[in-house]
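To keep things clear, I will list the structure first and then write my remarks on it.
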Amino acid sequence: MFLSVFDMFKIGVGPSSSHTMGPMVAAARFLDKLRRSPFSAYGLRASLHGSLAFTGIGHATDRATILGLAGFHPETYDRAKADAALAEITATKRVTPEGLPQLVFDPADDLKFDYDTPLEGHANGMILMATDAQGDVILREIYYSVGGGFVMTEAELAAGKNTDPGAPIPYPFHSGAEMLRMCAESSKSIADLKRANEYARKTSGDLDAGLMRIWEVMNDCITRGLEHDGELPGGLRVKRRAKAIHEHLLAERGLNLSAPHTINDWMSCFAMAVNEENAAGGQVVTAPTNGAAGVLPATLRYWLEFVPGATVTRVPEFLLTAAAIGGLIKHNASISGAECGCQAEVGSAAAMAAAGLTAVMNGTPEQVENAAEIALEHHLGMTCDPVKGLVQVPCIERNGLGAIKAVSAASLALRGDGTHFVPLDSVIETMRQTGEDMHEKYKETSLGGLAVNVPNC
């Protein structure tokens with residue numbers, strides 16, 4: 001299954017790729033289906049199920065669904081326009097998406113949080129419906145937000161993960177073992193394989209320019225996060241910390257007073273800046289999800305600012321390598337916290353970041369695979385238990401620790417020759433099995449763990 005680097009790294013809006021971006025994308029797809037329908041719709045309805053219901057308020061799933069049905073999309077999201085549209089919809093109980101007539105939609109009555117009826121395909125399920133003037137359903141579709149902003153219909157999910165109708169690619173690796181074999185046979189790096197596959201599918205535009213645009217948005221997100229303080233929305237009264245930490249770190253420079261481990265504070269600061277922006281509903285890049293969006297940018301910025309010989313011209317190599325690893329994890333397990341816990345989000349992000357860092361530090365493909373394996377292995381079993389359903393506690397700090405683990409994993413891999421006991425494929429499969437065995441209350445429902453053992457106000 002080919003996954004483009006631009007599928008893994010999508011520009012979107014916080015606080016969640018699965019709970020905010022996904023429902024908005026699903027709503028856009030439903031509107032497209034409605035435009036093609038021979039029936040004339042009068043109104044819309046929506047119901048949220050599973051994790052989308054349990055943590056939907058904290059993740060702004062209701063807001064995302066409403067705005068999606070009004071025609072908003074994550075890539076072009078404008079906060080001011082969205083706020084104005086939401087106020088108008090609440091007042092008029094109507095939405096007017098482009099290419100369709102004005103449709104009745106009262107968020108208070110037509111958007112339901114269904115806590116009692118989980119859908120079979122995935123923990124993040126939603127049903128969208130169009131009705132006629134009598135209230136009868138004339139069009140209905142089930143969508144699953146499967147992590148990282150990826151959305152599948154019930155039929156698409158049932159068809160299986162191996163469905164790939166696109167043009168053939170030169171290096172169709174489905175496992176880490178296949179990836180390493182193709183590297184050896186072709187004398188290419190992992191980034192080279194990924195680049196060749198991208199060129200086989202990309203019909204226009206410049207690949208490197210697109211990748212640099214992704215890094216620009218990531219880096220801008222770090223910068224914004226380092227410039228803002230105050231409290232994050234949602235009711236927990238969590239204070240932004242990245243700005244103050246950054247100021248303290250800058251003040252300590254040149255004083256010869258900092259301990260060596262202070263470098264960890266820099267990485268955490270960069271990562272927390274991203275996830276504070278995400279928690280505030282700002283623009284972020286899925287890497288591979290919003291909840292784990294800070295790990296990879298923090299690792300990349302650490303390399304650019306602190307590692308001798310680092311150059312921005314190698315950013316595409318970093319991102320291509322990371323995307324190759326992320327694609328393996330998504331294809332063979334999951335990147336969804338609602339499906340496999342936070343091991344699938346921050347764990348996957350750390351594996352991707354470790355792989356990218358090893359690549360730009362001139363590691364061999366075997367060392368890259370080893371770095372990814374180390375990073376993911378030491379996130380196994382991590383639960384997703386956000387307090388009050390908000391992507392704040394423990395998510396923000398967890399990204400900082402994920403970046404630190406990514407750098408440590410890369411460093412360990414680079415100290416070896418690439419040979420190691422546990423293959424990446426085995427860790428990915430273990431992560432999948434662990435997620436399958438994990439109790440639902442630890443998978444983004446806020447029904448267990450920290451979510452019930454710390455005050456929610």
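What number of residues within region 350-364 are within 25 Å of residue 442 (Cβ to Cβ) and surrounded by fewer than 24 Cβ atoms within 10 Å (Cβ to Cβ)?
Taking region 350-364 as the starting set, the residues that turn out to be within 25 Å of residue 442 (Cβ to Cβ) are 350-354.
Filter once more, so that each one left must be surrounded by fewer than 24 Cβ atoms within 10 Å (Cβ to Cβ): none.
Residues flagged as within 25 Å of residue 442 (Cβ to Cβ) and surrounded by fewer than 24 Cβ atoms within 10 Å (Cβ to Cβ) within region 350-364 amount to 0.
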Task: Residue among 197, 219 that is open to solvent by 20 Å² or more (accessible area, probe 1.4 Å), in a helix (DSSP H, G or I) and closer than 30 Å to residue 313 by Cβ - done: 219
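Taking the residues in region 113-131 that are more than 25 Å from the chain's Cα centre (by Cα) and touching a residue at least 12 places away in the same chain (Cβ under 8 Å) as candidates, determine which candidate is farthest from residue 52 (Cα to Cα).
If we filter region 113-131 for residues that are more than 25 Å from the chain's Cα centre (by Cα), which is where we start, we get 116-117, 129-131.
The next check asks that each one be touching a residue at least 12 places away in the same chain (Cβ under 8 Å); those that pass are 117, 129-131.
On the way: 117: 12, 129: 17, 130: 20, 131: 23 Å.
That would be 131.
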Task: Residue among 142, 138 that is farther than 14 Å from residue 68 by Cα, open to solvent by 30 Å² or more (accessible area, probe 1.4 Å) and touching an Asp or Glu at 6+ places or on another chain (Cβ under 7 Å) - done: 138
- [ ] Considering each of 356, 347, 326 in turn, give the residue that is under 19 Å from residue 399 (Cα atoms), touching a Phe, Trp or Tyr at 6+ places or on another chain (Cβ under 6 Å) and not basic (Lys, Arg).
- [x] 356
Open item on the list: Can you report the number of residues in region 411-451 which are assigned to a helix (DSSP H, G or I) and without any contact (Cβ under 8 Å) to a residue 60 or more places away in the chain?
Closed with: 11
Task: Selection status of residue 195, touching a Leu at 6+ places or on another chain (Cβ under 8 Å), within 25 Å of residue 407 (Cα to Cα) and not polar (S, T, N, Q) - done: yes
TODO: Tally the residues that are outside any helix (DSSP H, G or I) and farther than 16 Å from residue 373 by Cβ, restricting the search to region 166-194.
DONE: 11
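The values are calculated or read from the model by the stated rules, or taken from the named source; none is laboratory data. Keep in mind that this is a model prediction, so the values were computed, not measured. Note that we place each Cβ from the backbone using ideal geometry, even for glycine, and neighbour counts take in every protein chain shown. With ligands, DNA and RNA removed, areas are computed over all heavy atoms of the protein, side chains included. Shrake-Rupley method; radii C 1.70, N 1.55, O 1.52, S 1.80 Å.
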